[in-house]
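So the structure is just underneath, and the comments pick up after that.
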Amino acid sequence: MTVDDYSVAATWRMPEGGEPLADHVAASDRLIDVLSPHEGAASVGPDGWQAIISVSAPGAVDALTSAVDVLLAAGAEAGMPEWDLVEARTVRADVFDEENSRPKLPDLVGVPELVDVLEVNSRQHARQLALENPRFPAPLYPDNPGPLWDRSAVLEFKNNWVRRPGRPPTP
């Protein structure tokens, strides 16, 4: 029987009508200390807590069962309330590492990169196109220091953009 390493994440929430955790910062510190032998991490708020630990088991179901037992005992030792377990996820360590190696954010481009992606001559033209063309994708982040767009959305726009040579006629 092969034993694999797993990462198990679980979330507990305060039941409706339950009492919020008064000192969630101290509870978080206690829980993290208790979970340290299991390479654990935790986040505690007034109405819920989450934890992730590593366990070795012959399969995902065994890993989940073992981890929940460890987390319940750690929660009790750290003084966590007996709230409802609302979510649990078990991932084999190699799959977990693969998932975490992929970027979580889209490839973002600002106005200077738009010039290259759209193959236009100036930042002004790129900015004007972004502001005035109704089919241009909305920026994912419109704030300072400047708007940022999803590169794939800009490339899709570019591929469907009907370019006309010369300057547009003045009204």
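The values are calculated or read from the model by the stated rules, or taken from the named source; none is laboratory data. If you're wondering where the values come from, they're calculated on a predicted model, not measured in any experiment. Quick reminder, even Gly has a Cβ in these numbers, built from the backbone with ideal geometry, and neighbours come from all protein chains shown.
Is it the case, given these coordinates, that A153 is at pLDDT 90 or above, surrounded by 15 or more Cβ atoms within 10 Å (Cβ to Cβ) and in contact with a strand residue (DSSP E or B) (Cβ under 7 Å, 6 or more places away or on another chain)? The answer is no for A153. Considering (1) free of Cβ contacts under 8 Å to residues at least 24 places away in the same chain; (2) surrounded by fewer than 19 Cβ atoms within 10 Å (Cβ to Cβ), say which one A42 fails and leave the rest. Every listed condition holds for A42 apart from (2). Pick out the one residue from V109, V120, V95 that is under 17 Å from V8 (Cβ atoms), among the β-branched types (V, I, T) and at pLDDT 90 or above. Every option except V95 fails the conditions. Only one entry in A60, A26 is of a type in the set (A, V, I, L, M, F, W, C), surrounded by fewer than 18 Cβ atoms within 10 Å (Cβ to Cβ), more than 30 Å from R127 (Cβ to Cβ) and in contact with a Lys or Arg (Cβ under 8 Å, 6 or more places away or on another chain), namely A60.
The criterion of being farther than 30 Å from D4 by Cα, exposed (fewer than 10 other Cβ atoms within 10 Å of the Cβ) and without any contact (Cβ under 8 Å) to a residue 12 or more places away in the chain holds for R163. Summed over the range 47-95, residues that are of a type in the set (S, T, N, Q) and closer than 22 Å to E16 by Cβ total 1. Collect the residues in the range 1-43 that are closer than 15 Å to L72 by Cβ and assigned to a strand (DSSP E or B), keeping them in residue-number order. Listed by number, the residues that qualify are V8, A9, A10, T11, W12, R13, A42. One residue stands out among those in the range 123-146 that are closer than 20 Å to P103 by Cβ and at pLDDT 90 or above: the one that is surrounded by the most Cβ atoms within 10 Å (Cβ to Cβ), which is P139.
Looking at the range 63-80 only, could you name the residues that are over 22 Å from A93 (Cα atoms) and surrounded by fewer than 14 Cβ atoms within 10 Å (Cβ to Cβ)? Within the range 63-80, A73, A76, E77, G79 meet the criteria. Assess whether V95 counts as being surrounded by 16 or more Cβ atoms within 10 Å (Cβ to Cβ) and not polar (S, T, N, Q). When the stated conditions are applied, V95 does not pass them. Given the criterion more than 18 Å from E87 (Cβ to Cβ) and among the aliphatic types (A, V, I, L, M), identify the matching residue among A9, A51, A42, A22. After applying the criteria, what remains is A22.
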